[in-house]
Structure formats: structure tokens, C-alpha cells
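First up is the structure itself, then whatever we jot down about it.
Values quoted throughout were computed directly from the atomic coordinates according to the rules given, and no laboratory measurement underlies them. Small disclaimer: the values here were computed from a predicted structure and weren't measured. We place every Cβ from the backbone using ideal geometry, glycine too, and count neighbours over all the protein chains shown.
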């Protein structure tokens, strides 16, 4: 089985670095983007198996990035796991409607992280009915 | 009975926005702290010596507590948060389970728990998950301040149509209990964050929202007694 590639999109370099360490230890290959435009570019050019997206990126809102990804031919099937430190008013319903596979609330532990990633990848493979977690 | 959404006091939009931003800001370093502690524990930066494992576990526990407090603050300040569904909760079972869960930490600090409770203590219209968090919060607060070789007493007794829950530790506690209410500082030492007890304010707010009563008292030996009354389920002994 080939190594799954995960794109981490987070402007907090410290969080991105620690996520990379954790995911690489879990057997994943990791690529990174520090802003929304970089995320879209790397998603389109490198076609990762999953995107771990922070919704507070400086240049584009999480909603906008998600909307753009889901409209792009060739990348719309990539599962997107959202991470956020904000209490979303609707509990993440709008992000779900826009196609997010899972929601990770900060701070999360390694079990929650790896479970969300695994569920997202599982959805890509098997198209499970509902894998949204919070 | 728990207050309904409409009965919750309104929070000024500016305060809401400020709190939302603060919670978001606090959760960033909290995320990296927790992740670093886990990576250290897993040996990602080299195998930690055995004597450091307990410290790492403590750090992880502190991160979890801080995360829980941040969430509590958000929930208390947001007027639009739906309260968790109410149910009939058994306070006696929750008290026993919480004591058991914290026993190892108490033993490490050479503190003994004394639990005095009936077999069952059914409450009306209280969410069990929130109640567990409340009892844990009170006991953790007592453990933090109780001196080594001392006792923390958890008592549960029926008082008319109420259940009285008390948590008593052996100190320290300010001479004037009003200072504890106003400053939320048990040690009364300026610039010492260790003495702050926001969990008491959170517990008080929760108890009042649940239609109960909350009181703090200084004990004869200079400790703190936290007492709260919660409505008993009708007809339950």
C-alpha cells in the first residue's frame, strides 16, 4: 500500500511542525502550506490524499478555501479535515454542508487527530455515508 | 431545574467577541503544549527518563484542565449555547466515581479522601455529564490546595427537598471569605497565578443556573468548605 500524503495548511508554524512530526511518525508523508493560496496551489499541483485545513488562514477564509477546493476538477474528491480553535456558532454544520469530512477542535490529542485523518482517508476510499466528527 | 436558553442573562456582543478571540488565542499554545508533551512521552525526541514520565503526565493533565476551563468560560459567557439536555442524575454515584478517579493523584500528594454519602442521591433535571464535571472541578480544586498528609472530605446529605453536597479541605483560605468571592484567589498573593480558583466561580454559576444555591465558608482550621444545594428529584429518598 502506498504512503498517504497529507497537506497541512496552517499559518502557525509551530502547530504545523508538531503536526508534521506526529503524522510522519504515523507513517504519512506530509507537505505544507502557510496560507490559503498556497494550500490551493499545492492541492491542485500535488494532489494529496487528504488536506488538514486550519480555518483561520490569513489570506482566505476556511469557507472560501473549502468552496474553491470543492469546485476544482481533480481535487474536489480530496477529503478535507478542518481544524479550528474557535467555537463555531453552528457547530460546524455549514462546513459540513460545504463538504468537510471532519472537524477537529483545538486542542486535540493524537488519538483524535489520527482518528480524524483515518476517517477522512477511509471516506475517500469507501464513500462512507457520514464521517463528520466533532 | 436548569435555566432555559431564554432565561440565561444576555452577554454584551463586544464581550462575546473579546472572549471568542481570547479563547481562540489561548487554544493555539495549548495545542502545541499538548502536542509537545505527547511527542516527548512517545520518545519522538529521545526516550524520556523514567523520572520525567510523571512530569509529562502532570503536564498533559494540566493541559486538559486548562482546555476544559477555556471551554467552560466560553459556554458560560455565550448566551446562545443550548444547555445540555437535562435528566435525572445520581449524585452519589458520581461522587463515588469521581473520588475513585482522583484517588491516585490524591495518594501521590499524601491526601486522603473521605466520602460520606448515601447509596443514591437522585437530582431532578440535571445533566449528568455537567454534574460530573462540577464535582471533579471542586475536588481538583481542593486537591490543589490541601496540604500534604491532610484530608479532603466530600459529604452528601438530604436537606428537605435538596441534596447538600459539601467539599471540605484544610486550607489555605482567606480570613475574609468575601475576598475569595471577589478576587478568586485562595493564596491572596498578588501576581501568583497558582492561587486563582476560577473553578469556584464556574461552579457557582452552574449551580445557580441549575436552580441551586452555592456557598463558601472558612473552616475552623483555616480550610475551605464549599457547599451547594441541588434540587432532589420529587419522591426520591
Quick one: what do you get for chain B if you divide its Cα Rg by 2.2 N^0.38 Å? 1.07
Once fully extended, how much extra length lies between residue A:61 and residue A:29, figured as 0.36 nm per residue of separation less the alpha-carbon to alpha-carbon distance? 9.0 nm
What does the average come to when, for each residue of peptide A:14-26, you count the partner chain Cβ atoms lying within 10 Å of its Cβ? 3
GNM result for chain B, Cα springs below 10 Å: residue of B:15, B:98, B:219 fluctuating most strongly: B:15
For every helix of n ≥ 4 consecutive DSSP H residues, a contribution of -39,500 (n - 2.57) applies; sum these over chain B, divide by its total residues, and give [θ] at 222 nm rounded to the nearest 500 deg cm²/dmol. -16000 deg cm²/dmol
Can you compute the helix-only [θ] at 222 nm over chain A? Use -39500 (n - 2.57) per DSSP H run of at least 4 residues, normalise by all residues, nearest 500 deg cm²/dmol. -12500 deg cm²/dmol
Rh (Kirkwood; distinct C-alpha pairs) - the protein assembly as shown, Å: 23.0 Å
Over chain A, what relative contact order in percent results from Cα pairs under 8 Å that are six or more residues apart? 21 percent
Compute the length gained on full extension between residue B:183 and residue B:96: take 0.36 nm times their separation in residues and subtract their Cα-Cα distance, giving the result in nm to one decimal. 28.2 nm
With springs only between Cα atoms under 10 Å apart, run a GNM on chain B and tell me which of B:174, B:48, B:198 wobbles the most. B:48
Mean projected area, convex hull of alpha-carbon positions in region B:5-77, reported to one decimal in nm², is 5.8 nm²
Averaged over its residues, how many other protein chain Cβ atoms are within 10 Å of peptide B:28-34's Cβ atoms? 6
May I have the convex hull volume per residue, in Å³, for the Cα set of chain A? 99 Å³
For residue A:88 paired with residue B:140, estimate the spin-label separation in nm (one decimal), with each label point 7 Å from Cα along the Cα-to-Cβ line. 2.6 nm
A correct fewest-to-most ranking of A:30, B:152 by other Cβ atoms within 10 Å would be A:30, B:152
